[in-house]
Amino acid sequence: MNIIVVGSGGREHTICWKLAQSSLVDKIVVVPGNGGTAKESKCVNVNPKDCDYI
């Protein structure tokens, strides 16, 4: 399963951290993300203006 999380704060980082622990989740796209979300193994930070990727 692929998931999009919108936001760049600590709350979004915590959501991504917990989602990344699930074996059901393949990839988490974070728009725009932050330094913490970039370190999570399944997370990819994406610029909000990159509509083609999203």
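Laboratory data are not the source of any read-out in this text; all were calculated from the coordinates shown. The structure presented is a predicted model; accordingly, all values stated were derived computationally and were not measured. Here the Cβ is made from the backbone with ideal geometry for all residues, glycine too, and neighbour counts use every protein chain on show.
Computed values, structure above
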| read-out | value |
| --- | --- |
| Label-zone membership for region 30-48, site Arg11, 7 angstrom Cα→C-beta point, backbone N under 19 Å | 30-38 |
| The chain: trypsin sites (Lys or Arg not before Pro) falling in loop per DSSP and having at most 10 other Cβ within 10 Å | Lys49 |
| Positive-pole candidate from Ile28, Ile15, Val44, dipole of the chain, charges at beta carbon | Ile15 |
| Set of aspartates and glutamates with alpha-carbon distance to Lys39 below 18 Å, sequence-local pairs under 8 removed | Glu12, Asp26 |
| Under 5 Å, built H, 5+ apart or other chain: amide partners of Val30 | Val5, Val44, Asn45, Val46 |
| Longest to shortest principal axis, alpha-carbon extents of region 2-45, angstrom | 24, 14, 14 |
